[in-house]
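Engineer: Structure below; questions to follow.
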Amino acid sequence: MGTRDRVEVAGHTAIVIDDGIATGATMRAALHAIRARKPQKLVLAVPVAPTSTLAELQREADDIICLEDYEVFGAIGVYYANFRQVSDQEVIDILKRFAMGGSNLQSSWQRKRSRTFDPGQSSPGLLDQSTCVFCLSWRLS
């Protein structure tokens, strides 16, 4: 975006994030593209997804972090209390905030309801769009 240099992921942990997963086709393509850049570890982080899709994606990522997964899954927006469009300017502002790194987002992340994907568990509830923005911010730190 803009004049930012491409982030080098070879030999580092790469975290691929989206606001939710439905079929998994787009996420699978993203994981393949990042895997080709030789990260040391590839992590998928997503607020909400179908349980079956997460199980399929386990072959593509080294770790999966999902806030909520469901056996019966509808449109991604159904799982959010607020699923408004995030403007380009909001994303640019977030990118600028974390361009220098060194933030303390790891401890903030641990306070969230995150968990490693386990196909036998679910934790129902509505997400807030800030979850997605927070995940984006965490990835950029």
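A short reminder: the numbers here are calculations on the coordinates, not readings from a lab. Note that the structure is a prediction, hence the values are computed from the model and not measured. Cβ atoms come from the backbone with ideal geometry, glycine included; neighbour counts cover every protein chain shown.
Engineer: In whole Hz, what ³J(HN,Hα) sequence does the range 31-41 give by Karplus (6.51, -1.76, 1.60; θ = phi - 60°), x for Gly and Pro?
Structural biologist: These are the phi-based 3J(HN,Hα) values: 5, 5, 5, 6, 4, 5, 8, 6, x, 5, 9 Hz.
Engineer: So, one more: Hey, can you rank 24-37, 79-92 by average C-beta count inside 10 Å, highest first?
Structural biologist: Answer by packing, highest mean first, reads 24-37, 79-92.
Engineer: Give me the orientation-averaged projected area of the Cα convex hull of the range 1-55, in nm², one decimal.
Structural biologist: Result: a mean projected hull area of 4.3 nm².
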